[in-house]
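K.L.:
Quick one: structure below, then a few questions.
The values are calculated or read from the model by the stated rules, or taken from the named source; none is laboratory data. Please read these numbers as outputs of a predicted model, since none were measured by experiment. We place every Cβ from the backbone using ideal geometry, glycine too, and count neighbours over all the protein chains shown. Surface accessibility is based on the protein's heavy atoms, side chains included, excluding ligands, DNA and RNA. Shrake-Rupley method; radii C 1.70, N 1.55, O 1.52, S 1.80 Å.
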Amino acid sequence: VDELPQKAFPQLIDYFKTHKKFVIDRVSFNRDYEPYARARDAQLSELIADTGVEVDTERDHLVLEPQEVFKKEPGEYYKVYSPYGKKWFEIYKTKAIRQRLDEQKEGLK
């Protein structure tokens, strides 16, 4: 994992606290789903939280996140597209997902 962000965030937060320029009480970012990015984000979230700043992550550019589409057991992912696609559309049509999408559309207005 690249060390630059791991050094930069705590330094920035400390700088703003020391110089009373801004009050940083929350850092928010979109989740990334690649293994490297997940490791980086987990490490950064921990470092930022250790400074007393709240960390908030949001869904990124996906309608359904990877952990939302799995076989019968969490962590048991599909290896063939057809069953995955069928399950994806099944979840997509649920009331909870439709409501989430409607809320996101409202936020774009």
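K.L.:
Could you say which residue among 72, 105 is part of a helix (DSSP H, G or I), modelled with pLDDT under 90 and more than 21 Å from residue 9 (Cα to Cα)?
P.N.:
105
K.L.:
Hey, residue 13 hits all of (1) over 24 Å from residue 67 (Cα atoms); (2) in a helix (DSSP H, G or I); (3) out of contact with any strand residue (DSSP E or B) (no Cβ under 9 Å at 6 or more places or on another chain); (4) open to solvent by less than 100 Å² (accessible area, probe 1.4 Å) but one; which does it fall short on?
P.N.:
Unmet for residue 13, out of (1) over 24 Å from residue 67 (Cα atoms); (2) in a helix (DSSP H, G or I); (3) out of contact with any strand residue (DSSP E or B) (no Cβ under 9 Å at 6 or more places or on another chain); (4) open to solvent by less than 100 Å² (accessible area, probe 1.4 Å): (3).
K.L.:
Give me the pairs, please: first residue somewhere in region 17-33 and under 21 Å from residue 59 (Cα atoms), second residue anywhere and among the β-branched types (Val, Ile, Thr) and part of a loop (DSSP other than H, G, I, E, B), beta-carbon distance under 8 Å, and either six or more positions apart or on two chains.
P.N.:
Qualifying pairs under 8 Å: 25/53; 26/53; 27/53.
K.L.:
Taking the stated definitions as given, is residue 81 over 16 Å from residue 9 (Cα atoms) and open to solvent by 90 Å² or more (accessible area, probe 1.4 Å)?
P.N.:
Here the answer is yes, as residue 81 does meet what is asked.
K.L.:
Can you tell me which residue is surrounded by the most Cβ atoms within 10 Å (Cβ to Cβ) among those in region 37-73 that are among the basic types (Lys, Arg) and under 14 Å from the mean Cα position of the chain (by Cα)?
P.N.:
The qualifying residue surrounded by the most Cβ atoms within 10 Å (Cβ to Cβ) is 40.
K.L.:
Can you go through 103, 76 and tell me which one is open to solvent by 100 Å² or more (accessible area, probe 1.4 Å) and farther than 23 Å from residue 4 by Cα?
P.N.:
None of the others qualify; the one that does is 103.
K.L.:
Within region 16-30, take every residue that is within 12 Å of residue 54 (Cα to Cα) and in a strand (DSSP E or B) and give me the one that is nearest to the chain's Cα centre (by Cα).
P.N.:
Among those residues, the one meeting the criterion is 29.
K.L.:
Please indicate, with yes or no, whether at least one residue in region 47-55 is modelled with pLDDT of 90 or more, out of contact with any Cys (no Cβ under 9 Å at 6 or more places or on another chain), among the hydrophobic types (A, V, I, L, M, F, W, C) and part of a helix (DSSP H, G or I).
P.N.:
Looking through region 47-55, at least one residue is modelled with pLDDT of 90 or more, out of contact with any Cys (no Cβ under 9 Å at 6 or more places or on another chain), among the hydrophobic types (A, V, I, L, M, F, W, C) and part of a helix (DSSP H, G or I).
K.L.:
Do any residues in region 40-69 that are under 24 Å from residue 12 (Cα atoms) and of a type in the set (Lys, Arg) have Cβ atoms under 6 Å from those of residues that are part of a loop (DSSP other than H, G, I, E, B) and open to solvent by 50 Å² or more (accessible area, probe 1.4 Å), where the two are at least six apart or on different chains, and which pairs are they?
P.N.:
Short answer, once both residue conditions are applied: 40/1.
K.L.:
Turning to a different aspect of this structure: If I ask for residues that are over 27 Å from residue 67 (Cα atoms) and either loosely packed, with under 15 Cβ neighbours inside 10 Å or touching a Phe, Trp or Tyr at 6+ places or on another chain (Cβ under 7 Å) (or both), which ones from region 16-36 would you list?
P.N.:
16, 18, 19, 20, 21, 22, 23, 24, 25 - these are the residues of region 16-36 that are over 27 Å from residue 67 (Cα atoms) and either loosely packed, with under 15 Cβ neighbours inside 10 Å or touching a Phe, Trp or Tyr at 6+ places or on another chain (Cβ under 7 Å) (or both).
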